[in-house]
Structure formats: C-alpha cells, structure tokens
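Here's the structure, in structure tokens; my notes come after.
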Amino acid sequence: MTKEQRRGRAIAMTPDEIDAFLDEERTCRVATMGTTGPHATPHWYAWLDGALWLTSLSRSQRWADLQKDPRIAVVVDAGVAYDELRGVELRGKVEVVGDVPRTDTPVPELEAPEQAFADRYTGGVVVRDGRHAWLRLTPEKTTSWDFRKLGR
C-alpha cells in the first residue's frame, strides 16, 4: 500500500496526473545506497500498472548497490521556471524480474515492460543484449508536486 502524501497537498498531483506525467517524461534519476554513500544516475524507464520498470547493467555500481540494499528512490521531474516545476518521487524496494543478465528465455511477466520500453526508446524493437537485467519498483511512497497549481 502506498503512503499518502501529507505535505504540499495543494500542489500534489492526482493519481491520473501522476500516470500521465510518468507516461510523458522519458528520463528518471535513480538513487541507490552504496558502501561509500548515495549513488545517483539518470535512467530510462517504463511506467506500467503502478510499477516503474528499469533495466540495469548487471555489472554496474547500481546493480551491486541494489543487491546489498534494494531500497531505491527515483525522481522524474520537468520544468524550467519556478512556476513550471513538477515531478514525482517514488520510493520503495526493487525486485529483480527474469534472468540475470536478461537472455532470450521467455519471461511472460516481462513481455509488457520490455515492449513498452522498446516502444519508448528503441523504435519498438526489444533489445536483449545479455548485459542488462530488469528491476521492478512498486512504490511504497509516492510524492508529487506541480507548481503550476500555485497560481490557481
């Protein structure tokens, strides 16, 4: 169950606005906790049925961090001027889905996320390079803001 946002309710997005925003934007920022502190990187993602799907190189710092501590924070934001700023922060624990690294072995649970990701970023072609693996974040806490609502 997702925790309700308490602060900033006046500028919080509705669930439908969050879905539309996450469908519209293309890059998120992923924060993991490593042995030497936080590690933040930009990432592509797919948002499907209330879950954020990410791929990660299975031999990366991010992957190593998440194997030790699956907690993650992800931010998607947009806007330039103060009164245009909007975004969503998702927090929770990721789970690995499918083989590591991802091969051509059929994984029914990955069919929709892989195709959604391919449609967004690779012209509809699903790429399985034998180096990446899939992670699913079902948010435990979602915080959103849309400063465009301040003028209303």
Quiz item: Ignoring ligands and nucleic acids, what accessible area does K68 show with a 1.4 Å probe (Å², nearest 10)?
Solution: 150 Å²
Quiz item: Residues with amide H under 5 Å of E140's amide H, sequence separation 5 or more or different chain, H placed in the peptide plane at 1.01 Å from N; which?
Solution: R91, G92, K93
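Please report, in whole Å³, the volume per residue of the convex hull around the C-alpha atoms of region 13-74. Walk me through the intermediate numbers first.
Details: hull volume 5.5 nm³, N = 62.
Per residue, the Cα convex hull of region 13-74 comes to 88 Å³.
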Practice problem: Just order 123-129, 59-65, 101-107 by mean Cβ neighbour count inside 10 Å, highest at the front, would you? | Solution: 59-65, 101-107, 123-129
Quiz item: Put +1 on the Cβ of every Lys and Arg and -1 on every Asp and Glu Cβ in region 29-95; which of L57, Y82, A31 then has its Cα farthest towards the positive end of the dipole?
Solution: L57
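Suppose every K and R has +1 on its Cβ and every D and E has -1 on its Cβ; what is the size of the dipole of the chain about the Cα centre, in Debye to the nearest 20? Provide the component values of the computation, followed by the final result.
Numbers: 22 positive and 24 negative charges, 142 e Å.
So the dipole magnitude of the chain works out to roughly 680 debye.
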Quiz item: Over the chain, what relative contact order in percent results from Cα pairs under 8 Å that are six or more residues apart?
Solution: 32 percent
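Using helices alone, what [θ] at 222 nm do you get for the chain, with -39,500 (n - 2.57) per DSSP H run of 4 or more residues, divided over all residues and rounded to the nearest 500?
Details: 3 runs with 32 residues, N = 152.
Using -39500 (n - 2.57) per qualifying helix, the result is -6500 deg cm²/dmol.
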Quiz item: What translational D, rounded to a whole number of µm²/s, comes out for the chain from Stokes-Einstein when the hydrodynamic radius is the Kirkwood one over Cα pairs, at 4 °C and 1.567 mPa s?
Solution: 80 µm²/s
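For R120, what charge total do you get from the other residues with a beta carbon under 14 Å from its beta carbon, if Lys and Arg give +1 and Asp and Glu give -1? Walk me through the intermediate numbers first.
Numbers: positive: R26; negative: D23, E24, E25, E114, D119.
Surrounding charge for R120 is -4.
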Self-check item: Nonlocal amide H pairs with G34, under 5 Å, H built at 1.01 Å
Solution: H39
Quiz item: Each residue of region 33-43 in turn: what ³J(HN,Hα) in whole Hz from Karplus with 6.51, -1.76, 1.60 and θ = phi - 60°, glycine and Pro shown as x?
Solution: 10, x, 5, 9, x, x, 9, 10, 9, x, 8
Quiz item: Mind checking the log10 I(q)/I(0) for region 35-121 at q = 0.19, 0.25 Å⁻¹? Debye, one equal scatterer per Cα, no solvent, two decimals.
Solution: -1.03, -1.48
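The values are calculated or read from the model by the stated rules, or taken from the named source; none is laboratory data. Note that the coordinates shown come from a computational prediction; the quantities given were computed from them, not determined experimentally. Please note: Cβ atoms are built from the backbone with ideal geometry, for glycine as well, and neighbour counts cover all protein chains shown. These accessible areas exclude ligands, DNA and RNA; they are computed on the full protein's heavy atoms, side chains included. Shrake-Rupley method; radii C 1.70, N 1.55, O 1.52, S 1.80 Å.
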